[in-house]
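Everything on this sheet refers to the single structure shown next.
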Amino acid sequence: MILQEDPSVDLDTPTGPMRTYVYRPVAPGRYPGLVLFSEIFQQTGPIKRTATLLAGHGYVVAVPEIFHDLETPGCVIAYDTAGADRGNADKIGRPVTAYDDDARAVIRFLRAHPSCNGKIGSIGICIGGHLSFRASMNPEVLAGVCFYATDIHQGSLGKGGDDTLARMKELKAEMMMIWGRQDPHVPNEGRARIQKSMIEAGVHFTWHEFNGAHAFLRDEGPRYDPALALACYGLVVDLFKRKLTDGDLPVPAVGGAEVKH
């Protein structure tokens, strides 16, 4: 699909206006909406390219600035050591409730958008993976994707920590969790803790672990794995096509009556 980038919008939140970027198909019609949560560097070139890739599959994609109350509107943090330090300081510089308020603001925006059909999915990368996980606790979200979501296993998102592990039962969306085994930010024991909590909470999810480093999806830098990124994008598009269109079917209960065809 041919795309267009709409003028950015500043959404009202309890912590001030949140700059949000919108990408959607040019073709008239109404499409499902996706919230894309960035890494700690906000809307960089790789994040914009991810947004346009998703929009090209028939979605209205909204990318909020996750540190809008700490950085100036339009701020893009550099992919270097100083930038990582700055982004990590921002990450713990705001309460988790502010992230949750922001997610609800973007969901409301998408559901009211004239090009959106009201069906909402969420996707995020790194800290954005954690934010996508929490955003998926909102009942409007039907599917959530989390790329190597940081901090969930140790409750360290935001000022004073977070309660994500304790809120697993609130997840009604189908979740897709994608990890790199060579990612030091979420080690084996951390991934195991998250998976165990999701199973015990009865979350509907798929779990994908690949031989990849942290940031293997980002198409800049030495850790980018193009083949792995392509495979993962295929998984993501398949999930959203199934959950955000009219073709989704419920999974029959184990031991239930045989489905007649």
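One Cα centroid belongs to region 105-135, the other to region 192-217; the line between them spans 20 Å. Listed by chain and number, the aspartates and glutamates placed with their C-alpha closer than 20 angstrom to that of Lys172 are Asp100, Asp101, Asp102, Glu140, Asp162, Asp163, Glu200, Asp238, Asp246, Asp248; residues fewer than eight positions away on the same chain are left out. Computed from backbone phi, the HN-Hα couplings of region 221-233 come to x, x, 9, 5, 10, x, 5, 5, 4, 4, 4, 5, 4 Hz, rounded to whole numbers (Karplus: 6.51 cos²θ - 1.76 cosθ + 1.60, θ = phi - 60°; Gly and Pro given as x). The phi torsions of region 74-89, fed into the Karplus equation with coefficients 6.51, -1.76 and 1.60 and a -60° offset, translate into couplings of x, 5, 10, 8, 6, 7, 8, 4, 5, x, 5, 4, 5, x, 5, 5 Hz, rounded to whole numbers, with Gly and Pro shown as x. Which Cα, out of Cys232, Gly74, Val186, lies furthest along the positive dipole direction of region 3-243 (beta carbon charges, K/R +1, D/E -1)? Highest projection toward the positive end goes to Cys232. A protection proxy built from the mean count of other Cβ atoms within 10 Å ranks the segments 38-48, 141-151, 71-81, 208-218, most packed first, as 141-151, 38-48, 208-218, 71-81. Positive contributions from Lys and Arg (+1) and negative ones from Asp and Glu (-1), summed over other residues with Cβ under 13 Å from the Cβ of Pro95, come out at -3. With one equal scatterer per alpha carbon and no solvent term, the Debye-computed log10 I(q)/I(0) for the chain at 0.12, 0.14 1/Å reads -0.67, -0.93.
Just so you know, all these numbers are worked out from the coordinates, no wet-lab data involved. Worth saying up front: this structure is predicted, and the values here are computed from it rather than measured. Backbone-built Cβ (ideal geometry, glycine too); neighbour counts: all protein chains shown.
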